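Peer 1: I'd like to ask you about the structure that follows.
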Amino acid sequence: MDDREQNPRSYLHIRAVLARRIRDGEYPAGAKLPTETELADEFGCGSDIAARALRQLQRDGLARRVFRKGFFSFGPDDHPG
């Protein structure tokens, strides 16, 4: 892990924590992920950093965004392709 991933205010750190929580079943398939505001409060960062982490999870195929509802986890059987 590089320094940016270890910094608790880094979107990479937040993304890594959320990815681990998804893989460990804390957020099972279809579970609603915390909001940007909730993540910002938990990690002591701005909501822009939290939003970036959620978008990265989506690009990584670990979450999906539902318009006006938020982000939801993908389970092992939910991955497209």
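The values are calculated or read from the model by the stated rules, or taken from the named source; none is laboratory data. Predicted, not measured: the structure shown is a model, and the values here were computed from it. All Cβ positions, glycine included, derive from the backbone under ideal geometry; neighbour counts span all protein chains shown.
Peer 1: Being surrounded by fewer than 20 Cβ atoms within 10 Å (Cβ to Cβ) and not in a helix (DSSP H, G or I) is the filter here, so list the residues in segment 11-29 that pass it.
Peer 2: Matches in segment 11-29: ASP24, GLY25, GLU26, PRO28, ALA29.
Peer 1: Quick one: count up the residues across segment 36-51 that are crowded, with 19+ Cβ neighbours inside 10 Å and either of a type in the set (Phe, Trp, Tyr) or in a helix (DSSP H, G or I) (or both).
Peer 2: 6
Peer 1: Are any of the residues in segment 65-80 at pLDDT 95 or above, closer than 17 Å to SER10 by Cα and among the small types (Gly, Ala, Ser)?
Peer 2: no
Peer 1: Still on this structure: Need the failing condition index for LYS32 against (1) in contact with a Lys or Arg (Cβ under 9 Å, 6 or more places away or on another chain); (2) surrounded by fewer than 16 Cβ atoms within 10 Å (Cβ to Cβ); (3) at pLDDT below 95, just the number.
Peer 2: LYS32 satisfies all of (1) in contact with a Lys or Arg (Cβ under 9 Å, 6 or more places away or on another chain); (2) surrounded by fewer than 16 Cβ atoms within 10 Å (Cβ to Cβ); (3) at pLDDT below 95 except (3).
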